[in-house]
Amino acid sequence: MEQYVRVTPEEAMQARDGVIKLHGAEGFEGMRKAGRLAAEILDALVPHVVPGVSTEELDDIVREMTIRGGAVPATLGYRGYTHSCCISINHVICHGIPSDKKLKDGDIVNIDVTPQLNGWHGDTSRMFLVGDVPVKAKRLVDVTYQCLMLGIEAAKPGNRVGDIGHAIQTHAEKHRYGVVRDFCGHGLGQLFHDAPEIVHVGRPGTGPELRPGMIFTIEPMINIGKAAGKVLDDGWTAVTRDRSLSAQFEHSIGITEDGCEIFTSSPKGWHQPPY
Ligand code: MF3
Ligand code: CO
Ligand code: CO
C-alpha cells in the first residue's frame, strides 16, 4: 500500500521516503509561478536555438533569465552538476551537459530547465528543431509531444500511475519507437525529485492511485530505435545504445478534483515545434 500525506508548504520540503505528498492551494500557487517562469525561459530561448550557437551560450541565457526572474537554477550544484539546464542533442536521451559544442543544421535538441522560485520547482523541457530537420526526426518529435499530452490526459483522479505509462507506451509503440525505462518522471514541489516515480510504460489500473494535490512531472523519452541507453564517462550524458535519435518533452502538473493543471504551459503558445 502506498502512503499519502497532506502537507503544508513548510512540510513540503521534508524528504519522506516513498510517501506521496498531497499539496494544498498554496503549493499549487507556488508551482504556478515557478512553472510559468520555467515556460517563459523556454519561450525566450526560441530565437537563440540556431545553427552555430554553443550549448554553453544557451546555458548562460537560462541562468541569467532564471536569476532575473528571482529564482535559482535547481540543477546548479545538484549532485555535483554545475550547469543551469540540460541540453540533449540528437541521440542524447537526457542530461546533456552544456559545453562549447555548437548546434548544427538538422539537429533536434531538448532543453530542460528547472528554476526554483520561492522554494517551488518548475521543471519543463521542450524539443527544438535546428534549421532544416529531416522528416523522420520531425515525426519522432511530434509523436513524443503526443505521448506527453496523452500521458497528461490520463493524469486524473480515479486513474493510477500505470495508466499514464500505458497511454504513453501504447502510442509510442504504435509508431515502433522505444520508450526509455532508465529515467522517469517524478514527484516535485519544494523538493526537485520526490515520490512517486512516474514510469513512462505501464499496465492500466496498476501503481499508486492519483489523488488531488499530487504534483509531479511527466517527461517521456522516446527513441526511434531501441529503448536501451547508457551513461557516458562524464557521469551524466545518457545516450541511446544504438545511437538512434531520442526526443523528450516535460511538463510539471498537479492533480485536481477533475483532472490536472499544467503548471509549465508556454505563455506564447509555443507547445511544440515549429515555434
Ligand atoms: N530536469 C531534469 C528532470 O527532469 C533533472 C536534471 S538533473 C541534472 O528531472 F542534474 F542533470 F541537471
Ligand atoms: Co523532471
Ligand atoms: Co526536467
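Quick one: is Glu173 open to solvent by 60 Å² or more (accessible area, probe 1.4 Å) and either in contact (Cβ under 8 Å) with a residue 12 or more places away in the chain or assigned to a loop (DSSP other than H, G, I, E, B) (or both)? So that I can check it myself, show each step before the final result.
Numbers: open to solvent by 60 Å² or more (accessible area, probe 1.4 Å): yes; either in contact (Cβ under 8 Å) with a residue 12 or more places away in the chain or assigned to a loop (DSSP other than H, G, I, E, B) (or both): no.
In short, no.
Of the strands (runs of 3 or more DSSP E) entirely within the range 189-261, those holding at least 1 residues that are more than 17 Å from Cys147 (Cα to Cα) occupy 194-198, 215-218, 229-231, 238-240, 251-255.
Residues satisfying the criterion are absent from the range 208-225 (criterion: open to solvent by 30 Å² or more (accessible area, probe 1.4 Å) and closer than 22 Å to Tyr78 by Cβ). Among residues that are of a type in the set (D, E, K, R), within 29 Å of Lys33 (Cβ to Cβ) and either touching a residue at least 40 places away in the same chain (Cβ under 8 Å) or surrounded by 21 or more Cβ atoms within 10 Å (Cβ to Cβ) (or both), Arg79 is not included.
Restricting the first member to the range 203-230 and to residues that are aromatic (Phe, Trp, Tyr), and the second to residues that are within 16 Å of ligand 3 (Cβ to nearest atom) and assigned to a strand (DSSP E or B), the beta-carbon pairs closer than 6 Å and six or more apart or on different chains are Phe216/Gly185; Phe216/Gly187; Phe216/Ile198. Tell me, which residue of the range 82-137 that is among the charged types (D, E, K, R) and farther than 21 Å from Gly52 by Cα is least open to solvent (accessible area, probe 1.4 Å)? By that ranking, first place goes to Asp123.
Within the option set Glu153, Glu197, being within 16 Å of ligand 1 (Cβ to nearest atom) and open to solvent by 10 Å² or more (accessible area, probe 1.4 Å) holds for one residue only, Glu197.
Tell me, which residue of the range 38-55 that is touching a Ser or Thr at 6+ places or on another chain (Cβ under 9 Å) and within 25 Å of Gly189 (Cβ to Cβ) is most open to solvent (accessible area, probe 1.4 Å)? Give the steps one after another, and end with the answer.
Step one: filter the range 38-55 for residues touching a Ser or Thr at 6+ places or on another chain (Cβ under 9 Å), giving 38-43, 54-55.
Going one step further and asking which of them are within 25 Å of Gly189 (Cβ to Cβ), we end up with 38-43.
Working: Ala38: 0, Ala39: 0, Glu40: 66, Ile41: 2, Leu42: 0, Asp43: 8 Å².
This residue is Glu40.
Among the residues of the range 56-74, none qualifies, meaning not one is surrounded by 22 or more Cβ atoms within 10 Å (Cβ to Cβ), closer than 28 Å to Arg241 by Cβ and β-branched (Val, Ile, Thr).
The values are calculated or read from the model by the stated rules, or taken from the named source; none is laboratory data. Quantities reported herein were computed from a predicted structural model and do not represent experimental measurements. Every residue, glycine among them, receives a Cβ derived from its backbone with ideal geometry; neighbour counts consider all protein chains shown. We work out accessible area using only protein heavy atoms, side chains counted, and drop any ligands, DNA or RNA first. Shrake-Rupley method; radii C 1.70, N 1.55, O 1.52, S 1.80 Å.
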